[in-house]
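The values are calculated or read from the model by the stated rules, or taken from the named source; none is laboratory data. Just so it is clear, the model here is predicted, and its values are computed rather than measured. Methodologically, a virtual Cβ is constructed for each residue, glycine included, from the backbone with ideal geometry; neighbour enumeration extends over all protein chains shown.
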Amino acid sequence: MESGQRSSHPIAVTVVLALAAVIGAFAIAAIWANQQLLDTRSWVVVSGRMLDNPEVRHQVAAFLAEELIDETEGRLNAAGEDEVAAEVVPQLRRRGPALAERVIASPPFRAVWLRANRTAHRTLLRVLDEEGPSDGAVVVNLTPALRELADSLSATELAESLGIGDLGSLVAPGAARIEVLEADELDQAQDAVRAIRSLPVPATIATVALLALALLLGRAAPARTFFGVGLSLAAAGGLALLARLLAGHEVVDTLLAGHADREAAEAAWRIATSTVVDLAVGAICLGGLIALFAVLAGRSAPAVGLRRGLAPLVRQPLAAFFTLAIAVLAFLLFLAWAPIAALEEPLGVLLFAAAYGVGAVALARTAILEEQRGGSPSGWA
């Protein structure tokens, strides 16, 4: 083909690929929100991972210990036992947080924590999906977790030395409740959830359609266009990671306004958005693989030299068999290594296998075609 034909629609292709990258980033964000934020089972797993994090666990322990101290002091003062409160509260403040961290690391507390998060998340989704009544703010009720902490501390030498046999009895219903959604934010949150619920499939289809349109418009220069497709996928992943970083600053700053610990807030955000990282890194690596094959099929001197060396290995049946076996083995080793989370999912494996297989076959066919033409680069390149 002539150079004029090869350069047809370059601006249109660039615009389409840029739009695909932006919409692809939205698709990643929407998939994350549906799979991790708006799915109770996934959220329970996330809450368990948060409790495993030392910074988050320390913050939870500090919060529950302070709540227990306040409840104990309030109930004792209300009962007219000011002298007991004056003796008990200082010791609870001194030793309670450390003991609370030990209790929070125990399996019984973990079960209570996961149950509280499961119940709260289901309640939140019923309200957001308008499937149940809402009397006001949506809260995470950690009263059972606080009682578990109090009951565990009742069995320690601390409670015995203070002369309090049942700290759990001092925990009032409704203690240790965390507000996650204010009443005046409900309508806005419901609108956002409705949009997020319906976004993943259309955004994904639009991204794929735009990439296909770019290939159609740039069919006169397929290697260059495939390189652009790879860059577009990688850019979608990069934009998603950038959005996660910028949003993280806002979320952490908001949590800090509520006197949260910065390290704990950042750790919680990292854990809660781990799916964004997995999807974005998968898009970047898949795009990189496509771009790599496009470069190898291009007109640069190293690429042409590589294809000349490859031609004898794929032309003869026996050599082609061993070359294929080595290529398949290399891919299987890559899957076994699974350096990215996308390779642990069937869809991710399928996408990478398709890109690898199509790229390898196209590269081999290009090498053979060029050899038959006497070494001149083919129309694919």
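Would you mind telling me which numbered condition in (1) in contact (Cβ under 8 Å) with a residue 24 or more places away in the chain; (2) more than 30 Å from G282 (Cα to Cα) L38 fails?
(2)
Take L146 and decide whether it is part of a helix (DSSP H, G or I) and either at pLDDT below 80 or touching a Cys at 6+ places or on another chain (Cβ under 8 Å) (or both).
no
Condition test on R197, is it closer than 28 Å to A338 by Cα, in a helix (DSSP H, G or I) and charged (D, E, K, R)?
no
If we keep just the residues of the stretch 188-220 that are among the small types (G, A, S) and touching a residue at least 40 places away in the same chain (Cβ under 8 Å), which is nearest to A29 (Cα to Cα)?
Looking at the filtered set, the residue picked out is A203.
With the requirement that a residue be β-branched (V, I, T) and under 33 Å from the mean Cα position of the chain (by Cα), what does the stretch 73-125 give you? Step through it out loud before you land on a result.
Taking the stretch 73-125 first, the residues β-branched (V, I, T) are 84, 88-89, 103-104, 112, 119, 123.
Matches in the stretch 73-125: V103, I104, V112, T119, T123.
Has the stretch 34-43 got any residue that is over 30 Å from L242 (Cβ atoms) and either surrounded by 19 or more Cβ atoms within 10 Å (Cβ to Cβ) or in contact with a Cys (Cβ under 9 Å, 6 or more places away or on another chain) (or both)? Full working, then the answer.
Step one: list which residues in the stretch 34-43 are over 30 Å from L242 (Cβ atoms), which gives none.
Checking the stretch 34-43: not a single residue is over 30 Å from L242 (Cβ atoms) and either surrounded by 19 or more Cβ atoms within 10 Å (Cβ to Cβ) or in contact with a Cys (Cβ under 9 Å, 6 or more places away or on another chain) (or both).
Which is assigned by TED's automatic domain parsing to the domain that holds L233 and on the phi > 0 side of the Ramachandran plot, of A338, A297, A355, A319?
A338
Determine the pairs where a residue that is closer than 9 Å to A280 by Cβ, located within the stretch 241-252, has a partner that is of a type in the set (S, T, Y) with Cβ atoms under 9 Å apart, the partner being 6 or more residues away or on another chain.
Here the result reads R244/T273, each pair linking the stretch 241-252 to a residue that is of a type in the set (S, T, Y).
Quick grid of which residues meet (1) among the charged types (D, E, K, R); (2) loosely packed, with under 12 Cβ neighbours inside 10 Å; (3) touching a Leu at 6+ places or on another chain (Cβ under 6 Å):
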| site | (1), (2), (3) |
| --- | --- |
| R244 | yes, no, no |
| E263 | yes, no, no |
| V277 | no, no, no |
| L289 | no, no, no |
| P302 | no, yes, no |
| G305 | no, yes, no |
| V328 | no, no, no |
| F331 | no, no, no |
| P346 | no, yes, no |
